[in-house]
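The structure appears right after this line, and notes come after that.
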Amino acid sequence: MSILQNALNSIIIGVEDFNMDDDRRLLSSTRNIFAGVLLLFKHKLVELSPNGSDEVLIKQKLLPTQNSSGEIVWVGKGAKTVDVQQIKERFKSLDISVDWDRLDKINRYRNNIEHYYSTESIDAIHTLLSNSFLVIRDFITTYLEEDPKELLGEEIWTTLLEINEVYEAEKEDCINKLKELEWRNDWVFDAVLDYGCDNCLSDLITANEDGSIKCKSCGNKYSREELIEKALIQAYGSYRIQDGEESDLIECPYCQKRTYMISENECQICGEEFETECMRCGMTIPSCELDGSGICGYCSYMAAKRDKED
């Protein structure tokens, strides 16, 4: 069976699992849909792999070899295929454009649903399927040059289309109601729109007429400050120690919320700002030492040491 057929089968089974009146099948639905999307990507890499290269573009391990003409070529080795990060890298090199932000969101919802699943996760799965629909449609149309309705069948395609239309209408209603509240800037608002509820993982967060905020799916309530903090942590709070990266988001020393954006030099809740250059040595203060004093850790240590000596 070809990788393309495996991809289509996974997506079809995922949609069929979703349509079954059995909560246990919802988890299977998320796994199959995401697996199907990745298999579509791998199918494209196989298509682009040179003949005789052992499908080099989908293999994790690549080895140089000499062909019959004496030229050095790369061939695939082993059974292990590329992971998501490797697919991203190879697509970028091959000028294949995918909405990776949307795919990362699909993956995040899939992971969250598997780890924190409850029967209230149905709206989160709607979100996952809606985002998957857009990625599947665009990739099949643009890079496989096929009609997605013909590949998947009219029944499966109609189900995905209906789920997407219902989700988009609900999301638009949430956006319009949240717009009526005051937000410090557009990117904070965007982070709020992308945030998934603590309880059910749905991103259908809305505002009531009295200004209160709740999840439209499960009714979980948020204060404005709480929602901003959670949304910013999800969007900007991660970092990778192995790459020497620091989070752009730290705890504000004034309001004690993790909503101080270093790149903006401003707390996104209380609006306070503080010096990022040490008043004593003039060096940039590391993010882990920013406390509103305007003095880096080393200068603070030396000052305390002198005071102790005196």
Exercise for the section: Along Cα→Cβ, 7 Å out, is where each label goes; now give me the distance between the ones at LEU144 and ASP198 in nm to one decimal. Expected result: 4.1 nm
Practice task
Have a look at GLY196, GLY76, GLY297 and tell me which one the Gaussian network model of the chain (Cα, springs below 10 Å) gives the largest fluctuation.
Solution key: GLY297
Practice task
Kindly provide the pair-distance distribution of the stretch 102-234 built from C-alpha pairs, with 5 Å bins from 0 and whole-percent values in order of increasing distance.
Solution key: 2, 10, 19, 21, 19, 13, 9, 5, 3, 1
Practice task
Choose one answer from LYS257, LYS61, LYS216: the residue with the largest mean-square fluctuation in a GNM of the chain with alpha-carbon springs under 10 Å.
Solution key: LYS61
Fill in the blank from the handout: For the stretch 3-175 (alpha-carbon point model, no solvent) the Debye-based log₁₀ I(q)/I(0) at q = 0.19 Å⁻¹ works out to -1.25
Practice task
Write down the Å³ per residue value for the convex hull defined by the alpha carbon atoms of the stretch 1-91.
Solution key: 99 Å³
Problem - Inter-part distance where the stretch 1-77 and the stretch 104-168 are each reduced to a Cα centre, Å - result: 18 Å
Exercise for the section: Could you run the Karplus curve 6.51 cos²θ - 1.76 cosθ + 1.60 with θ = phi - 60° over the stretch 96-111 and give me ³J(HN,Hα) per residue in whole Hz, x for Gly and Pro? Expected result: 9, 9, 10, 6, 5, 4, 5, 5, 4, 5, 4, 5, 5, 5, 4, 5
Practice task
List MET20, MET261 from most exposed to least, where exposure is judged by having the fewest other Cβ atoms within 10 Å.
Solution key: MET20, MET261
Fill in the blank from the handout: In nanometres, the difference between 0.36 nm per residue of separation and the alpha-carbon distance of THR65 and VAL46 is 4.9 nm
Problem - Exposure proxy order (Cβ contacts within 10 Å, fewest to most) of THR81, THR30 - result: THR81, THR30
Problem - Net charge dipole size for the chain [Lys, Arg +1 and Asp, Glu -1 on Cβ; Debye, nearest 20] - result: 1160 debye
Handout entry: Rg(Cα) / (2.2 N^0.38 Å) computed for the stretch 254-309, rounded to two decimals
Key = 1.24
Exercise for the section: Note the angle between two axes, namely the Cα long axis of helix 3-19 and the longest principal axis of the Cα atoms of the chain, as a number of degrees from 0 to 90, rounded to the nearest 10. Expected result: 70 degrees
Exercise for the section: Give me D for the chain in µm² s⁻¹, whole number, from Stokes-Einstein with Rh from the Kirkwood sum over alpha-carbon pairs, 10 °C and 1.306 mPa s. Expected result: 70 µm²/s
Problem - Computed over the stretch 180-253, the ratio Rg/Rh where both radii use C-alpha atoms and Rh is Kirkwood - result: 1.02
Problem - Tensor-based shape of the stretch 47-145 (alpha-carbon gyration tensor, a/c under 1.5 rounded, otherwise prolate or oblate) - result: prolate
Problem - Net length gained if the chain between LYS80 and GLU209 were fully extended (0.36 nm per residue, minus Cα distance) - result: 41.1 nm
Practice task
At a Cα cut-off below 27 Å, give the lysines reachable from LYS214, other chains included and same-chain residues fewer than 8 away excluded.
Solution key: LYS105, LYS171, LYS177, LYS179, LYS230, LYS257
Exercise for the section: Pop a pseudo-label 7 angstrom from the Cα along the beta-carbon direction at both HIS115 and SER287 and give the gap in nm to one decimal. Expected result: 2.0 nm
Practice task
Determine Rg/Rh for the stretch 132-189; Rg is computed over alpha-carbon atoms and Rh is the Kirkwood hydrodynamic estimate from the same atoms.
Solution key: 1.19
Exercise for the section: Sequence neighbours fewer than 8 away in the same chain don't count; with that in mind, list the aspartates and glutamates whose C-alpha is under 15 Å from LYS88. Expected result: ASP99, ASP101, ASP104
Completion exercise
Exposure-ranked with fewest Cβ neighbours within 10 Å first, LYS88, LYS230 stand as LYS88, LYS230
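Where a number appears in this text, it was derived from the coordinates with a stated rule and is not lab data. What you see is a predicted model, and the numbers here were worked out from it, not measured in a lab. For neighbour counting, all protein chains shown are included, and Cβ atoms are generated from backbone atoms with ideal geometry for every residue, glycine included.
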